[in-house]
1. Determine if the stretch A:204-221 includes at least one residue that is over 29 Å from residue A:58 (Cα atoms), more than 23 Å from the chain's Cα centre (by Cα) and surrounded by fewer than 23 Cβ atoms within 10 Å (Cβ to Cβ).
2. Can you work out which of the residues in the stretch A:338-349 that are farther than 20 Å from residue B:174 by Cβ and within 8 Å of chain B (Cβ to nearest Cβ) is surrounded by the most Cβ atoms within 10 Å (Cβ to Cβ)?
3. Would you say residue A:318 is away from chain B (no Cβ under 12 Å), part of a helix (DSSP H, G or I) and in contact (Cβ under 8 Å) with a residue 40 or more places away in the chain?
4. Is there a residue in the stretch A:299-311 that is within 26 Å of residue B:439 (Cβ to Cβ) and within 14 Å of chain B (Cβ to nearest Cβ)?
5. Hey, does the stretch A:353-368 have a residue that's within 14 Å of chain B (Cβ to nearest Cβ), in a helix (DSSP H, G or I) and farther than 30 Å from residue B:329 by Cα?
6. Being more than 8 Å from chain A (Cβ to nearest Cβ) and at pLDDT 95 or above is the filter; apply it to the stretch B:456-467 and report the residue that is nearest to the chain's Cα centre (by Cα).
7. Tell me, yes or no, whether the stretch B:433-446 has at least one residue that is within 23 Å of the chain's Cα centre (by Cα), modelled with pLDDT of 95 or more and buried (at least 24 other Cβ atoms within 10 Å of the Cβ).
8. Can you report the number of residues in the stretch A:187-208 which are within 13 Å of chain B (Cβ to nearest Cβ) and within 22 Å of residue A:84 (Cβ to Cβ)?
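The values are calculated or read from the model by the stated rules, or taken from the named source; none is laboratory data. The model shown is predicted, which means the values in this text are computed figures rather than measured ones. All Cβ positions, even for glycine, are placed from backbone atoms using ideal geometry, and neighbour counts span all protein chains on display.
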């Protein structure tokens, strides 16, 4: 998956992403959060094409940059340090592109070429809907008169209003425990977005269920083979989990830096508060979680890991660790700021809200912990 | 916003019939045997508040939150008027004087029930009582009677009369609440003595109800270089020349409760509006904190409870294949664990409230003259000009102040600051923990705005910050409990 690059090259790409975040995301992100402004996100995404962000993980033959998943995660970290909501859009986009990269057939080129966003006029963004394990039969793929048709309401998905390619994995009814992956392109009759959930965080990313009203599925848009999508889905879920873990750590990194800076400026109790041991302890705990969290998500991409019992890299568990740590960091960062931390204009409480939503995407922590054991037995 | 809370089906929590006070803390049963009236009053208040919360707040709190997100100065005055009709806005005023006559215990029930549906709406309805509490703590009968008359008069006419406490300054949070810290405080506001009164200048920030207050009780120092020794307390009518409201803050949560910046520019207050003389300001703040911190603990408890109740209701109706979410073992374990914490903290809160009734400012109602007056004097005499003049007289004032200083000694104040801090930290940490954990149970879809659980999560965080950050509270707890032994 992607080419191997040197640490220098990765640092260079992160630097470019960081500069992009400061120049293009920072100026409007707080206003956009206030207004749940998806138009703002759209504008930033259009701009991001200039540095090749949407095509970052798509092969060069389709017009992408062909970078590795590690690179994708590091870019998430860099972008999320300004706005985790914006980063989450690209996380869903990257994850949505992966099954297409892994698939064969004509759909691969047909979808990846626009999604690389290298020369087309309009912005193309993917999103991902995992197999719904919540409601029985909420999405159904049935064959009618020799044609495949998709019906039902999906669980809430990200990127809904601007997704041009919706990658859906659904449970196969004939083959229990197996999935079929398909990509539904924008403009397909019968596909609409439901009402936005109105989540407390990641507000520039419109999370909503997608409604499929007897949508006719073109056989060519099936990813891989029908009823044989489990392996691809698992890889895709792992990628999404690792990108979200990186985004959580990235945004928590900015909470830490804000708190550290503020502690040096705020005078209380006879000294700058950074001289209080309790504040030092809190900042130290944040730094601990940041460094372990960074290690946890970067290790997921390491090809040669030590073979320690019960410690194989697991994207789901890394996401649990990183998002939980990020939430603790955000809560303490607000606390260090006192009342100011609770006010919108300081941008610290936003991090708490964003991280809480990151924690819930793809299943909350206890669910992931349980299934990490349950699926083995 | 239609169909709000349409997922409430279980006869539990706010939907259940109050009162369940004795059921919640069975030890109260013993107290009920000895003081039936005392527990009965708390049960009545609980019943009233639960009904009000269910019928009036539950159907509209999300709508209010959404409106306040757009416009932080929005207030649902209709809700306030309904609460006023029930005298919830006059909870601490004795019944004979036109209030609800709540004890500290029964007021904690009001708080838990109202904030158990919406913390910010509860703040709008109940926090105003703390202005009165401040006067009661002060025990200056002249001021107290004046306040009571004015509040009762205004609110009988459905005209809100709001108080705000202005302690925090842009440069002083913890520093304004603690003696060691205040000694090195860098004040953002100060007062100077002028002929016939004082001139105030500077800024106060994060003042609850500051933007709608008719009266602001503000602490300001007279000498910026020695704030501790010169801190005084003033009553500032909002109509005073030189008083203005700065920005009303955009907050993460508790949006319906306004938080404002207050600006004093050459604001003159006459001598009689000096509530506490220079050097006594901190003591006054500590007296207030000695009772209010316990209430913030209850606020935290109530937020935790509202989140848990919604989670139970959601998990009860949410179907997953062949079963309900609430049938899953991990969900049951998590819910039980949270109930365990809520029960423990509730017992601590009620314990604190009963202690305020029996050993703190509420003892004043047990003083024989007060007891006899409230029991036997006709209402029209209690609110009469005669009594008003008597209460305002220097002799009567001195008498009650002497009585009060014997009753509420420095030791009592510091003891209750200590106990209140423990309850405050326990309740508010619980709020943050439970509101976050509940979202883990209900997942992304249950975190949608319409279920009201994400609002609990947003509302919770500030409880760990206001009324002294939890860190400041922990310091008070340490210095109160261990400090004297060192």
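1. First pass over the stretch A:204-221, keeping only residues over 29 Å from residue A:58 (Cα atoms): A:213-214.
Then drop every residue that is not more than 23 Å from the chain's Cα centre (by Cα), which leaves A:213-214.
Keeping just the survivors that are surrounded by fewer than 23 Cβ atoms within 10 Å (Cβ to Cβ) gives A:213-214.
Looking for residues that are over 29 Å from residue A:58 (Cα atoms), more than 23 Å from the chain's Cα centre (by Cα) and surrounded by fewer than 23 Cβ atoms within 10 Å (Cβ to Cβ), one finds at least one in the stretch A:204-221, hence yes.
2. Of all residues in the stretch A:338-349, those farther than 20 Å from residue B:174 by Cβ come to A:344-345, A:347.
Of the ones still in play, those that are also within 8 Å of chain B (Cβ to nearest Cβ) are A:344-345.
Values: A:344: 18, A:345: 13.
It comes out as A:344.
3. Yes, satisfied.
4. No, because not a single residue in the stretch A:299-311 is within 26 Å of residue B:439 (Cβ to Cβ) and within 14 Å of chain B (Cβ to nearest Cβ).
5. Filtering the stretch A:353-368 down to residues within 14 Å of chain B (Cβ to nearest Cβ) leaves A:353-368.
Narrowing the set further to residues that are in a helix (DSSP H, G or I) leaves A:353-360, A:365-368.
Add one more test, that the residue is farther than 30 Å from residue B:329 by Cα, and what stays is none.
No: the stretch A:353-368 contains no residue that is within 14 Å of chain B (Cβ to nearest Cβ), in a helix (DSSP H, G or I) and farther than 30 Å from residue B:329 by Cα.
6. B:463
7. First, the residues of the stretch B:433-446 that are within 23 Å of the chain's Cα centre (by Cα): B:433-435.
Restricting the remaining residues to those that are modelled with pLDDT of 95 or more gives B:433-435.
Going one step further and asking which of them are buried (at least 24 other Cβ atoms within 10 Å of the Cβ), we end up with B:434-435.
Yes.
8. Taking the stretch A:187-208 and keeping what is within 13 Å of chain B (Cβ to nearest Cβ), we get A:194-203, A:205-208.
With the extra rule that they be within 22 Å of residue A:84 (Cβ to Cβ), the set shrinks to A:196-203, A:205-208.
Looking only at that region, the number is 12.
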